[in-house]
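Accompanying notes for the structure given below.
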Amino acid sequence: MGEELREEERGEVRSELITKGEKKLVLIRWNTGKTSAGRLFGRYGPGGRPEFFKLLFGAVAGSLREQFGPDGENIFNRIRDSEKFRETSRELFDGLKKWFFEEAVPRYNLERGDIFMISTELVLDPDTGELLWNRDKTQLIYWIRSDRCGGSDAKLREERDRLAKEVELLKAENERLRRELEDVKRKLQQITSLLK
C-alpha cells in the first residue's frame, strides 16, 4: 500500500496514438506529481519559470518518445520552439491555473502551502505542436494536513455533543407525548363508558 502511494506521489505520463480524420494525434494522460501551487504555478523554477512548464515539456517529450521511438526526440525538438506549441502550452498553463484557483481551491477549501497533484488529459498534434487540454478529464488529488484533522475532530465532537443533546430533548418530548396520549385515551374511555 505504501509503495503504491509513493508511486502515485511522483508524476506519471501515459500516452497513446489516436486517429482523428486523417491526422495522427498523441493522447497524453498526465499527472503533475505531488506539488504545491507556489511550485507549480509560481516563479520558483529555473530562471523564474513555474515548474509547470518543466513538467509539461517532460510529459510531452516522454510521450513522443514512447509513441515514435527515437524520432520522438526529433519531433519534440521541432515543435518545442514552434509558435503553435508555445501559444497552446501557455493557454494550457493559464487555463489550468484559472481552473485551480477559481474552481478547485474554493471547492476543496485549499490554503497556501497545501500539497496536491493534478491529473489531466492532453491531445498533441505532432505535426503542428498544437496542444489541447481536456478540462472535463481534469481532477485534483490533495493531501489533508494533520493540523486540519485535529480541527475536524473538534468539530465532529461538537456536532456529536449537539446531536446527543437533541436526542435527549426528543426523548423527553416523546415521553411527554406518550403520557398525554395515555391521558387522552383514558378520558376517551371514560366518555365512551358514559355514553353506553
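Since every read-out is calculated from the coordinates, none of them should be taken as a lab result. In this text, all values refer to a predicted model and were calculated from it rather than measured experimentally. With ideal geometry, Cβ positions are generated from the backbone for all residues, glycine too; neighbour counts draw on all protein chains shown.
Values computed for the structure shown
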{"item": "Stretch gain in nm, segment residue 23-residue 176, where the contour uses 0.36 nm per residue and the Cα spacing is subtracted", "result": "47.4 nm"}
{"item": "Nearest-0.05 FRET efficiency for residue 144 and residue 102, computed from C-beta distance (R0 25 Å)", "result": "0.70"}
{"item": "Most fluctuating residue given options 175, 12, 66, as computed from a GNM of the chain linking Cα atoms under 10 Å", "result": "175"}
{"item": "Reference-scaled alpha-carbon Rg (2.2 N^0.38 Å with N residues) for the chain", "result": "1.84"}
{"item": "For the chain, with +1 on Lys and Arg beta carbons and -1 on Asp and Glu, the positive-most of 69, 50, 163 along the dipole", "result": "163"}
{"item": "Value at 222 nm in deg cm²/dmol, rounded to 500, when DSSP H runs of n ≥ 4 in the chain each add -39,500 (n - 2.57)", "result": "-19000 deg cm²/dmol"}
{"item": "Sites residue 80 and residue 156, calculated FRET efficiency, Cβ-Cβ separation with R0 45 Å, nearest 0.05", "result": "0.30"}
{"item": "Kirkwood hydrodynamic radius over Cα pairs of region 35-132, then Stokes diffusion coefficient at 20 °C and 1.002 mPa s, in µm²/s", "result": "148"}
{"item": "Segment residue 14-residue 39, length gained on full extension (0.36 nm per residue, minus Cα span)", "result": "6.7 nm"}
{"item": "Electrostatic dipole magnitude of the chain [Cβ: Lys, Arg +1; Asp, Glu -1; Cα centre; debye, to 20]", "result": "860"}
{"item": "Residue among 140, 25, 170 with the largest mean-square fluctuation in a Gaussian network model of the chain, springs linking Cα atoms under 10 Å", "result": "170"}
{"item": "Most to least packed among 180-187, 110-117, 48-55 [average Cβ atoms within 10 Å]", "result": "48-55, 110-117, 180-187"}
